[in-house]
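Participant: The structure under discussion is supplied below as structure tokens; questions concerning it will follow.
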Amino acid sequence: MVSGSKLVVDKLRENGVKTMFGIPGGAVLPLFDDLHKASDMEFILARHEQGATHMADGYARATGRAGVVIVTSGPGATNLATGVANAYLDSSPVISIAGQVATPLIGYDGFQEANIFSMMIGLTKMNFLPRNLNELNSAIDNAFKIALSGRPGPVHIDIPRDVQLMEGEPKNNTYTYSYRLPSPSDEKITLASKMLANAERPVIVSGGGVIISGASRELVALAELLNAPVVTTLMGKGSMPEDHPLALGCVGMHGRVGAIRVVQESDLLLAVGMRFSDRTTGKLSGFAPKAKKIHVDIDRSEIGKLLQPDLGITGDAKEVLSRIHATILKLLQKGKAGKWGERLQQIRRESEFLYDYDAVPAKPSTVVKILNDYVRPEDFVTTEVGQCQMYASLHFTAKRPRQFISSGGLGTMGFGLPAAIGVKAAFRDRHVFDIAGDGSFFMTCNQLPVAVDYNLPIIVVVLNNYFLGMVRQWQELFYDKRYMAVDLKGKADIARVSEGFGAKAFKTMRISELKEALQTAVKQGETTVVDVIVEREDNVFPMIPPAATLDEVMVGR
Amino acid sequence: MKKLAIDENQRFLVLRVLNMPGVMERICSIFARRGINIDTITVGVLNGNSSEISLTFSLPQEKFGNIVKILEKNPCVLEVKIGSLESDVIREAFVAILKGCDSKDSDHIRIKYRAKTTLLSESRLLVELLADPRMVNDFKEEFADRIVSFSRSGVMIHALGRSES
């Protein structure tokens with residue numbers, strides 16, 4: 001005999017879960033009582049359910065395993081919504097579990113009851129509302145399979161209180177989810193290989209799917225074989241080590257000029273594990289206009305969704321890249337296809353950034369540039385959303401996949417800090433940095449005590465311009481500087497707030513002091529917030545204006 | 001040549017889905033968030049674990065392919081079959097009350113549409129029609145200005161076979 005709540009704990013353990021995040025409450029107390037007995041599992045108590053979900057999401061992105069968040073019914077579960085949607089948009093395997101009122105009470109508007117089942121339908125890959133032990137057993141088993149298979153994504157389970165308390169022996173699962181990895185035909189692989197081998201200016205666009213698939217090695221090998229530059233989406237940042245000579249950084253609305261140039265000049269684009277998001281392509285009709293396009297994605301519904309490729313290949317990035325590599329090796333007698341030659345070096349030189357190390361207040365781009373010196377290859381960087389995120393995308397050099405963790409699809413301000421805590425929970429011996437803005441910081445800084453309480457020291461670097469910087473930038477450039485509701489005034493002192501939460505804090509507007517602060521933070525190993533006052537109206541460039549093509553890139557005011 | 005009663009954007013899908021609460025909502029939300037109006041929907045339980053949903057809706061060809069792929073990848077959906085309203089829908093049920101009818105109308109409808117008719121009070125006629133969509137559309141077109149109320153069932157029976165898996 002087993003209770004529903006004990007069954008949940010057993011199933012989580014069976015699925016390799018060691019760390020969970022969340023907040024308890026009335027409807028989930030039986031489950032927490034069984035978690036109390038699970039001494040081999042760690043539960044990290046968050047300060048708000050949204051942050052708890054970002055922690056689970058950060059954990060999932062850093063490890064590739066499922067991140068688990070457990071909360072109560074009603075407001076606990078509605079607070080999950082942003083975090084779960086964030087995981088969905090970025091294909092992150094988060095398992096969210098919420099208590100629910102007892103089944104006879106569902107639908108009667110009892111205390112802390114909300115229609116979470118319907119709410120979650122549009123935000124998850126799948127969700128369950130088990131009504132008995134069999135369905136509970138089935139829901140958890142399938143949740144992990146669904147979350148992690150194919151294109152990953154979040155799965156939510158609402159567990160009514162009486163189901164947690166039910167006792168019995170669960171029988172066979174009511175259904176078993178099965179997923180078959182698509183494997184493309186030899187004909188398609190051969191056709192793609194010939195197209196690539198014959199291209200003069202091939203470019204590879206690498207998306208988050210390459211990271212999820214673990215295909216970085218195959219990506220580098222193919223790029224080197226073809227002498228093809230690699231650009232990435234924001235989600236694909238780090239799929240190619242950005243210090244590699246063929247890596248040109250992110251392409252898109254705030255992509256690097258070099259990345260934009262090669263895409264626009266290419267005659268063949270191999271897009272892998274990416275979905276032609278508007279933030280990556282700008283106006284789609286002007287994206288790589290001279291190029292034939294090959295689109296590889298594990299999700300069949302992505303191919304042809306926005307852009308009809310010349311060749312669509314449904315498959316796992318690792319397998320497809322590896323097979324294309326092998327086929328091209330046979331096609332090419334002596335290595336190399338692409339004829340970028342000197343043009344690539346020229347483009348590289350033209351897209352180098354200049355940094356001002358003496359400006360006071362500091363330039364945000366320089367702050368991120370300096371941060372590179374303190375991030376070891378094994379460390380992690382998370383970001384918030386807005387200007388800070390784009391400075392990070394442009395000026396942080398990611399050395400490996402999963403090193404750079406950011407909210408791409410949903411663009412959730414407040415993601416980075418709790419995500420950093422989740423990453424740290426998975427990798428206690430690594431440094432985890434969060435590149436934040438002051439607007440984002442205040443959205444989830446209430447989670448700082450979690451880092452302090454659980455000895456999960458993270459380092460938050462705030463690019464503080466006392467503005468909602470990206471909105472201000474848009475208002476400046478596209479609304480004739482009519483600033484509306486973007487001035488954060490700066491009366492709240494981030495350093496003092498952070499100290500109040502138990503963190504170490506530094507406040508500076510100079511690069512020299514920033515270096516000292518980072519040095520101390522890294523050395524001391526305590527949760528630290530470095531509040532860097534930066535130039536207030538600095539804009540992130542390059543920038544593609546909304547609804548413009550990549551050719552219309554702005555490089556300055 | 002007679003005008004086609006079924007427009008080229010009309011779609012007919014049969015989904016084999018998990019038989020569990022919320023599946024209908026999940027399927028319908030796929031359509032709703034893309035602004036696609038479902039014209040008819042019928043559901044039946046096949047066995048303890050799976051149900052069948054028949055859907056008709058209107059969607060241009062260039063968007064139809066993507067919807068099919070999205071349905072296919074949904075964990076609730078076990079199988080998607082694409083049918084033709086023209087050739088695969090064998091019967092729909094259509095029940096209507098017409099105004100201004102007499103026994104001649106009743107005979108005409110019985111003979112032309114093979115419908116069951118019942119004269120009600122005040123010249124109203126109850127029509128119970130079990131027919132293919134083309135005939136249902138023809139009937140609606142012919143009596144458009146006399147229909148007082150009606151109900152259309154959606155696909156009652158179709159010719160798409162079920163795979164054995």
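Participant: Along the positive direction of the dipole of chain A (beta-carbon charges: Lys, Arg +1; Asp, Glu -1; about the Cα centre), which of A:Ile313, A:Thr397, A:Gln475 reaches farthest?
Facilitator: The listed residue farthest towards the positive side: A:Ile313.
Participant: Now for a different question. Only sites in a loop by DSSP and with at most 16 other Cβ atoms within 10 Å count here; which chymotrypsin sites (Phe, Trp or Tyr not before Pro) in segment A:297-368 make the cut? The partial results should precede the final answer.
Facilitator: Numbers: sites: A:Trp340, A:Phe353, A:Tyr355, A:Tyr357; in loops: A:Trp340, A:Phe353, A:Tyr355, A:Tyr357.
Filter output for segment A:297-368: A:Phe353, A:Tyr355, A:Tyr357.
Participant: Here's a follow-up. Would you kindly find the accessible area of A:Cys445, with a 1.4 Å probe and non-protein molecules such as ligands, DNA and RNA excluded, rounding to the nearest 10 Å²?
Facilitator: 10 Å²
Participant: Taking a probe of 1.4 Å, how large is the accessible area per residue of chain A, in Å²? Present the calculation step by step, with values, prior to reporting the outcome.
Facilitator: Values: 20870 Å² over 557 residues.
On a per-residue basis, 37 Å².
Participant: Can I ask one more? Along the charge dipole of chain B, which of B:Val80, B:Leu160, B:Thr42 sits closest to the positive end, that is, farthest toward it, with unit charges on the beta carbon of Lys, Arg, Asp and Glu (+1, +1, -1, -1)?
Facilitator: Of the listed residues, the answer is B:Val80.
Participant: With a/c under 1.5 counting as rounded, go ahead and sort segment A:113-164 into rounded, prolate or oblate using the C-alpha gyration tensor (a ≥ b ≥ c being the square roots of the eigenvalues; past the cut-off, prolate if a/b is larger than b/c, else oblate). Before the final figure, lay out each step's value.
Facilitator: On the way: a/c = 3.36, a/b = 1.28, b/c = 2.62.
It is oblate, given that a/c is not under 1.5 and a/b is not larger than b/c.
Participant: Under a point-charge model restricted to the Cβ atoms of Lys and Arg (+1) and Asp and Glu (-1), what is the dipole moment magnitude of segment A:341-488 relative to its Cα centre, in debye to the nearest 20?
Facilitator: On the way: 15 positive and 16 negative charges, 80 e Å.
In total the dipole reaches around 380 debye.
Participant: Can you give the convex hull volume of the alpha carbon atoms of segment B:1-89 per residue, in Å³? It would help to have the intermediate numbers written out before the result.
Facilitator: Details: hull volume 8.4 nm³, N = 89.
So the per-residue Cα hull volume is 94 Å³.
Participant: Can you give the mean number of other chain Cβ atoms that lie within 10 Å of the Cβ atoms in peptide A:117-126? List each step's numbers first, then the result.
Facilitator: Numbers: counts 4, 4, 0, 2, 10, 6, 0, 2, 3, 6.
Per-residue shielding by partner chains comes out at 4.
Participant: Taking all protein chains together and a probe of 1.4 Å, list A:His156, B:His108, A:His325 from the most accessible to the least accessible.
Facilitator: Working: A:His156 0, B:His108 70, A:His325 45 Å².
Descending order: B:His108, A:His325, A:His156.
Participant: Counting only helical runs of four or more DSSP H residues, what would the 222 nm mean residue ellipticity of chain B come to if each run contributes -39,500 (n - 2.57) and the total is spread over all its residues? Please report the intermediate quantities before stating the final value.
Facilitator: Values: 4 runs with 44 residues, N = 165.
Calculated at 222 nm, the ellipticity per residue is -8000 deg cm²/dmol.
Participant: Here is a follow-up. Give the A-B buried accessible area in Å², both sides summed, 1.4 Å probe, nearest 100.
Facilitator: 1500 Å²
Participant: Highest mean first, what order results for A:514-524, A:214-224, A:483-493 on Cβ atoms within 10 Å? It would help to have the intermediate numbers written out before the result.
Facilitator: Numbers: A:514-524: 16.7, A:214-224: 20.9, A:483-493: 12.1.
Ranking the peptides A:514-524, A:214-224, A:483-493 by packing returns A:214-224, A:514-524, A:483-493.
Participant: Another question about this same structure. Could you tell me which trypsin sites (Lys or Arg not before Pro) in segment B:1-61 are loop residues by DSSP with no more than 14 other beta carbons within 10 angstrom of their beta carbon?
Facilitator: Of the trypsin sites (Lys or Arg not before Pro), the ones in loops of segment B:1-61 whose Cβ has at most 14 other Cβ atoms within 10 Å are B:Lys2, B:Lys3, B:Arg33, B:Arg34.
Participant: Take the residue pairs A:Lys481/A:Lys504; A:Lys145/A:Lys283; A:Lys363/A:Lys489; A:Lys145/A:Lys292; A:Lys125/B:Lys140; A:Lys145/A:Lys171 and return only those whose Cα atoms are more than 29 Å apart. It would help to have the intermediate numbers written out before the result.
Facilitator: On the way: A:Lys481/A:Lys504 37 Å; A:Lys145/A:Lys283 36 Å; A:Lys363/A:Lys489 19 Å; A:Lys145/A:Lys292 36 Å; A:Lys125/B:Lys140 40 Å; A:Lys145/A:Lys171 19 Å.
Too far apart for the 29 Å limit: A:Lys481/A:Lys504; A:Lys145/A:Lys283; A:Lys145/A:Lys292; A:Lys125/B:Lys140.
Participant: What is the sum of charges around A:Gln475, taking Lys and Arg as +1, Asp and Glu as -1, for the other residues whose C-beta is under 14 Å from the C-beta of A:Gln475?
Facilitator: Result for the neighbourhood of A:Gln475: +1.
Participant: Explain nothing, just compute: Karplus ³J(HN,Hα) = 6.51 cos²θ - 1.76 cosθ + 1.60, θ = phi - 60°, for every residue of segment A:526-535 in order, whole Hz, x for Gly and Pro.
Facilitator: The phi angles translate into 10, 4, 9, 10, 9, 8, 9, 6, 10, 4 Hz.
Participant: What is the dipole size for chain A, taken about its Cα centre, with +1 at each Lys and Arg Cβ and -1 at each Asp and Glu Cβ, in debye to the nearest 20? Intermediate results must be reported in sequence, preceding the final value.
Facilitator: Details: 61 positive and 60 negative charges, 282 e Å.
Once rounded to the nearest 20, the dipole reads 1360 debye.
Participant: Sticking with this structure for a sec: Applying the Karplus parametrisation 6.51 cos²θ - 1.76 cosθ + 1.60 with θ = phi - 60° to the phi angles of segment A:541-549, what ³J(HN,Hα) value in whole Hz is obtained for each residue in order, glycine and proline being reported as x?
Facilitator: Rounded to whole hertz, the list is 10, x, 8, 9, x, x, 6, 9, 8.
Participant: Compute, for segment B:52-165, the length of the dipole vector about the Cα centre, with Cβ point charges of +1 (Lys, Arg) and -1 (Asp, Glu) only. Units Debye, rounded to 20. Mind dumping the intermediate values first?
Facilitator: Working: 17 positive and 18 negative charges, 25 e Å.
So the magnitude is around 120 debye.
Participant: What order do you get for A:157-170, A:20-33, A:282-295, B:118-131 when each peptide is scored by the mean count of other beta carbon atoms within 10 Å, highest first?
Facilitator: Numbers: A:157-170: 20.1, A:20-33: 22.1, A:282-295: 18.6, B:118-131: 15.2.
Going from most to least packed, we get A:20-33, A:157-170, A:282-295, B:118-131.
Participant: Here's something else I'd like to know. At 1.4 Å probe size, with the rest of the protein present, what percent of the exposed accessible area of segment A:354-508 is carbon and sulfur atoms? Please report the intermediate quantities before stating the final value.
Facilitator: Working: 2970 of 5660 Å².
Ligands and nucleic acids excluded, carbon and sulfur give 53 percent.
Participant: When the solvent-accessible surface of protein heavy atoms is calculated with a 1.4 angstrom probe, in what order do A:Tyr88, B:Tyr113 fall, highest first? Don't skip to the end; give the middle numbers.
Facilitator: Working: A:Tyr88 80, B:Tyr113 5 Å².
So, going from the largest accessible area down, we get A:Tyr88, B:Tyr113.
Participant: For a test of the definition: using alpha carbon positions, the gyration tensor, and the 1.5 limit on a/c, classify chain A as rounded, prolate or oblate.
Facilitator: Values: a/c = 1.97, a/b = 1.22, b/c = 1.61.
It comes out oblate by the Cα gyration axes.
Participant: Right, something else. Just read off the accessible area of A:Tyr479 with the full protein assembly in place, 1.4 Å probe, to the nearest 10 Å².
Facilitator: 120 Å²
The values are calculated or read from the model by the stated rules, or taken from the named source; none is laboratory data. From a predicted model like this one, the values you see are computed outputs, not experimental measurements. Reconstructed Cβ throughout: ideal geometry from the backbone, glycine too, with neighbour counts over all protein chains shown. The area values use the complete protein model at the heavy-atom level, side chains included, leaving out ligands, DNA and RNA. Shrake-Rupley method; radii C 1.70, N 1.55, O 1.52, S 1.80 Å.
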